[in-house]
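Novice: Handing you a structure now.
The values are calculated or read from the model by the stated rules, or taken from the named source; none is laboratory data. Since the structure is predicted, the reported quantities are computational estimates derived from the model, not experimental observations. Glycine also receives a Cβ, built like all others from the backbone with ideal geometry; neighbour counts cover every protein chain displayed.
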Amino acid sequence: MNSKALFDKIKSELIKFEEEAEAEAISYLILENIYQISRMDILIGKEVDENSEYSEKLESYLIELKSGKPIQHIMGRVEFYGRQFLVNSNVLIPRRETEELVHLILEQNPDLSEKTIIDIGTGSGIIPITIAKERKESILYAVDISSAAIATAKRNAQLNRAEIQFIHSDILSEDLSIPKCSIWISNPPYVRDIEKNKMHTKVLDYEPDLALFVEDNSPLIFYKRITKIAFDNLLNQGKLYFEINEAFGSEVQEILHNAGFGDVIIKKDMQGKDRFVYGTKSIA
Ligand code: GLN
């Protein structure tokens, strides 16, 4: 069958319950996954084999999608920065913004040889694993409070042949044992409970609350805590990078300033929203 025709057929099914751009993105993913065909081949309408195994798989994907399950959970994997990662309901599905965060860090740190980097709230491990692959000489640590998330991140490290030291720990607890590092990174939970009503039901039903939400009365709890521990455990000229809630750019900037960080920058994401804050520890 012509893959472009199949693409149009799947898209017309999905568009009954998804927005057009999403329906299109999912249609590509499904075809790529079932028929091992590239996006380019679909665009030019390359012929694909039709057999009952494929059509049954397609049928079951459509049923699950209709029930609201995210395509990433149906396939059990996602692409992040050009690599494959396993995902499940214990970890966040990687967001485009986090890809931008990793890109920013890599761009600003072309040489990380012998440098120690730590990611707080690592989830599926996308951040440290990508950095380990892109900057082979760096030494990576990753912390998470969830043992299920760490188990997923460990599998992802194996899958991508990256060496990461995992630390199962609650960053808010007092007895933390964390190595001195050159770079601290975190994309902590930052969605306030009051913002739940603007979130997609797919996110609410399938992604872990633990990774997403903070209480309305302490939305910056992780930023305050991580900034403090980062400052105490950063080498001089070390850097701290955060992904943030777009509502709190200047507040997070101030937290870093007050802790003693210099050159604190708020950076926007591709959608023009305040999304990243970073700074450097420089002591005279
Ligand atoms: N950006 C994510 C979302 O809006 C939230 C990520 C986070 O809380 N760290 O779904």
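Novice: Find the residue count for the range 22-46, including only residues that are surrounded by 13 or more Cβ atoms within 10 Å (Cβ to Cβ) and outside any helix (DSSP H, G or I).
Specialist: Result for the range 22-46: 4.
Novice: Considering Tyr241, Tyr141, which residue is in contact (Cβ under 8 Å) with a residue 40 or more places away in the chain, in a strand (DSSP E or B) and away from the ligand (no atom under 16 Å from the Cβ)?
Specialist: One residue alone meets the criteria, Tyr141.
Novice: Then there's this: Could you list, in sequence order, all residues of the range 181-203 that are surrounded by 13 or more Cβ atoms within 10 Å (Cβ to Cβ), more than 10 Å from the ligand (Cβ to nearest atom) and without any contact (Cβ under 8 Å) to a residue 24 or more places away in the chain?
Specialist: Within the range 181-203, Asp193, Lys196 meet the criteria.
Novice: Based on this model, can you work out whether Glu137 counts as at positive phi and assigned by TED's automatic domain parsing to the domain that holds Leu210?
Specialist: Judged against the criteria, Glu137 is not a match.
Novice: Name the single residue that is surrounded by the fewest Cβ atoms within 10 Å (Cβ to Cβ) among those in the range 72-90 being out of contact with any strand residue (DSSP E or B) (no Cβ under 9 Å at 6 or more places or on another chain) and hydrophobic (A, V, I, L, M, F, W, C).
Specialist: The extreme case among them is Met75.
Novice: Out of curiosity, is Ser218 part of a loop (DSSP other than H, G, I, E, B) and either hydroxyl-bearing (Ser, Thr, Tyr) or within 20 Å of Leu101 (Cβ to Cβ) (or both)?
Specialist: Answer is yes for this residue.
Novice: Here's another thing I want to ask about it. With respect to the numbered conditions (1) surrounded by fewer than 19 Cβ atoms within 10 Å (Cβ to Cβ); (2) in contact with a Gly (Cβ under 7 Å, 6 or more places away or on another chain); (3) under 30 Å from Glu22 (Cα atoms), which one is the sole condition not fulfilled by Val277?
Specialist: If we test Val277 against (1) surrounded by fewer than 19 Cβ atoms within 10 Å (Cβ to Cβ); (2) in contact with a Gly (Cβ under 7 Å, 6 or more places away or on another chain); (3) under 30 Å from Glu22 (Cα atoms), just (1) comes out false.
Novice: Tell me which residues, restricted to the range 128-166, are over 25 Å from Ser89 (Cβ atoms), in contact with a strand residue (DSSP E or B) (Cβ under 9 Å, 6 or more places away or on another chain) and among the acidic types (Asp, Glu).
Specialist: Answer for the range 128-166, where residues must be over 25 Å from Ser89 (Cβ atoms), in contact with a strand residue (DSSP E or B) (Cβ under 9 Å, 6 or more places away or on another chain) and among the acidic types (Asp, Glu): just Glu163.
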